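The values are calculated or read from the model by the stated rules, or taken from the named source; none is laboratory data. Just so we're clear, the structure is a prediction, and the values are computed from it rather than from any experiment. When we count neighbours, we look across all protein chains shown, and the Cβ atoms used for this are built from the backbone with ideal geometry, even at glycine. These accessible areas exclude ligands, DNA and RNA; they are computed on the full protein's heavy atoms, side chains included. Shrake-Rupley method; radii C 1.70, N 1.55, O 1.52, S 1.80 Å.
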Amino acid sequence: MGKAIKVENITKRFGDLCAVDSISYEVNEGECFGLLGPNGAGKTTLIRMLTTLLKPTNGTAFIEGYDINRNPDAVRKNIGVVPQAMTSDLDLTAWENMEIYGKYYQIPKKIRQKRIGELLDMVGLINRKDDLVATYSGGMRRRLEIARGLIHNPPIIFLDEPTLGLDPQGRRLVWEFLQRLRKERGLTLSITTHYMEEAEFLCDRVAIIDYGKIVALDTPMELKRNIPGSDIITITFDEVTKGLKEWINGLPSVHRIIEEFNDYQIYIDNGASLIPRLVEEVNKMGRRIVKVSLRELTLEDVFIHYTGRSIREEEAKKISFLIGAGVPQKFSRG
Ligand SMILES: Nc1ncnc2c1ncn2[C@@H]1O[C@H](COP(=O)(O)OP(=O)(O)OP(=O)(O)O)[C@@H](O)[C@H]1O
Ligand SMILES: [Mg+2]
């Protein structure tokens, strides 16, 4: 199978900080590849290098066979880019936003107009094409920006947090549309996201990045399977008793306990079988269980396993950053 993206030991240093630390991976043609990582992990820096906006300190990457260092113009022709912050111009209509990009890529007028019509139709905005983007919802604006990224018909599209801050319905619409793009056009997708459901829904493979390095790379299913313990029991005690953690840890099916205040998160195989014994033991120790729940592993747990952080907290920080990040960015015409 052909490789749409081939990353070779790519590195970016900002002074003493190594934001991207010798990362290598490959993405197949037509694949949807996800990058997951906490704030500051280096995802945007990596994407900026792959999309020729930033020069690597070391290493390189090949996009559709073109070297990002030696042949950035050819790379740019082969990629669509949807950056993290929204960049469509609020003072222009959807159609005008598309026109500016079409002209930037020097697409002849006739082809350009036909393509703009098709793309706006595909993202469900054709009826609003002459409305100012300022009147759009966040989801509509995002769909416009994805359409805009496809104006020159590239085989690969890079999306940095495509649904950040959207409501569940808006997110769904973007997902469905991205899936259609893959099916109908065989597009290769490179996505960074903080939404586990998004990674699970869209991505064939996911790389988890932390401190500039890939700490895990696999299909969502394999990532989950590679973590010891198929279930997680979350249990809240009235008060944590000495010796309890050691007792739980000594049970054969328990792989790991994460302790937080009076909560234990127990990674375990066949968790349901432990609960009665646990209740009994806690009672014997003269303590009470306030709450107990059992669930199967999710990609969120995989993320915590590798990064030690919860992705939900990260998401909240990012959304507050994004509000007001919709600075209109003007491109020169022609
Ligand atoms: N132009 C720059 N100059 C100096 N440091 C930078 C620059 N751009 C990024 N960094 C630093 O590099 C690190 C990686 O940042 P990056 O934006 O790539 O992270 P990210 O994974 O995209 O984070 P987020 O989830 O918040 O979008 C951070 O520590 C950041 O402060
Ligand atoms: Mg980023």
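Give me the 1.4 Å probe accessible area per residue for the stretch 18-75, excluding ligands and nucleic acids, in Å².
On the way: 2070 Å² over 58 residues.
So the stretch 18-75 comes to 36 Å² accessible per residue, rounded to a whole number.
Loop by DSSP (not H, G, I, E, B), at most 12 other beta-carbon atoms within 10 Å: where is the longest site-free stretch of the chain for chymotrypsin sites (Phe, Trp or Tyr not before Pro)? Walk me through the numbers before you get to the answer.
On the way: sites that count: F261, F331.
Answer - 1-260.
When a/c is below 1.5 the answer is rounded, else prolate if a/b is larger than b/c, else oblate, so apply that to the stretch 132-176 with a ≥ b ≥ c taken from the square roots of the Cα gyration tensor eigenvalues.
Oblate shape, in that a/c is at least 1.5 and b/c is the bigger or equal ratio.
What is the sum of charges, Lys and Arg at +1 and Asp and Glu at -1, for the other residues whose Cβ falls under 10 Å from the Cβ of M122? Spell out each step's value before the answer.
Working: positive: R143, R180, R185; negative: E118, D121, E184.
Charge balance in the 10 Å sphere: 0.
Which net charge results when you count Lys and Arg as +1 and Asp and Glu as -1 among the other residues whose beta-carbon is under 12 Å from that of D21? Don't skip to the end; give the middle numbers.
Values: positive: K12, R13, K213; negative: D210.
Taking every Cβ under 12 Å from that of D21, the sum is +2.
Taking the simple approach of a point 7 Å from Cα along Cα-to-Cβ for both Y211 and I111, what is their distance in nm?
Inter-label distance under the simple model: 4.8 nm.
Just want the answer: with Cβ charges of +1 for Lys and Arg and -1 for Asp and Glu, which residue in I111, F33, A216 is farthest toward the dipole's positive end in the chain?
I111
Can you give me the relative contact order of the chain as a percent, contacts being Cα pairs under 8 Å and 6 or more apart?
On the way: 617 pairs, mean separation 69.3, N = 334.
Rounded, it is 21 percent for the chain.
Among the GluC sites (Glu not before Pro) within the stretch 29-119, which fall in a DSSP loop and have no more than 15 other Cβ atoms within 10 Å of their own Cβ?
Values: sites: E29, E31, E64, E96, E99, E118; in loops: E29, E31, E64.
Qualifying residues, ordered by number: E29.
Sort 77-84, 140-147 by the packing proxy (mean of other Cβ within 10 Å over each peptide's residues), most packed first. Provide the component values of the computation, followed by the final result.
Numbers: 77-84: 20.4, 140-147: 23.9.
So the peptides 77-84, 140-147, ranked by packing, come out 140-147, 77-84.
Non-local amide H neighbours of I79 (under 5 Å, H modeled in plane, Pro and chain starts lacking H): which ones?
So I79 has HN proximity to no qualifying residue.
Restricting to DSSP loop positions (anything but H, G, I, E, B) with no more than 16 other Cβ atoms inside 10 Å of their own Cβ, which GluC sites (Glu not before Pro) remain in the stretch 164-251? If you can, show how the numbers build up before the last one.
On the way: sites: E176, E184, E197, E198, E200, E222, E239, E246; in loops: E239.
In loop regions of the stretch 164-251 (DSSP not H, G, I, E or B), the sparsely surrounded GluC sites (Glu not before Pro) are E239.
By how many nm would the segment from R180 to S230 grow when fully extended, if each residue of separation counts as 0.36 nm and the alpha-carbon distance is taken off? Intermediate values should be presented prior to the final figure.
On the way: separation 50, 0.36 × 50 = 18.00 nm, distance 3.27 nm.
So the chain would gain 14.7 nm between R180 and S230.
Let me have the 222 nm mean residue ellipticity of the chain computed from DSSP H runs of 4+ only, each contributing -39500 (n - 2.57), with the sum over all residues rounded to the nearest 500. Write out the running numbers ahead of the final one.
Numbers: 12 runs with 120 residues, N = 334.
Here the helix-only value at 222 nm equals -10500 deg cm²/dmol.
Using the Cα centre as the reference, give the magnitude of the dipole from point charges on the C-beta atoms of the stretch 229-296 (Lys, Arg: +1; Asp, Glu: -1; all else neutral), rounded to the nearest 20 debye.
Values: 9 positive and 11 negative charges, 35 e Å.
Roughly 160 debye for the stretch 229-296.
Could you report the stretch 226-306's accessible area per residue, 1.4 Å probe, as an integer in Å²? Don't jump to the answer; show the numbers that get you there.
Details: 4410 Å² over 81 residues.
About 54 Å² of surface per residue is accessible.
Nearest 20 debye, what's the magnitude of the dipole of the chain about its Cα centre given +1 on Lys and Arg Cβ and -1 on Asp and Glu Cβ?
Details: 47 positive and 46 negative charges, 241 e Å.
Charge dipole of the chain: 1160 debye, to the nearest 20.
Once the piece of chain linking V240 and K55 is laid out straight, how much longer is it, given 0.36 nm per residue of separation minus the C-alpha distance between them? Spell out each step's value before the answer.
On the way: separation 185, 0.36 × 185 = 66.60 nm, distance 5.20 nm.
Fully extending the segment from V240 to K55 adds 61.4 nm.
Quick one: with all protein chains in place, what share of the accessible area of the chain is carbon or sulfur, to the nearest percent (1.4 Å probe)? Let's see the in-between values first.
Working: 7890 of 15700 Å².
Taking all protein chains in place, the chain shows 50 percent carbon and sulfur surface.
All other residues with a Cβ under 14 Å from the Cβ of E281 taken together, and with Lys, Arg as +1 and Asp, Glu as -1, what is their net charge?
Working: positive: K242, K245, R277, K284, R287, R288; negative: E246, E280.
Here the count lands on +4.
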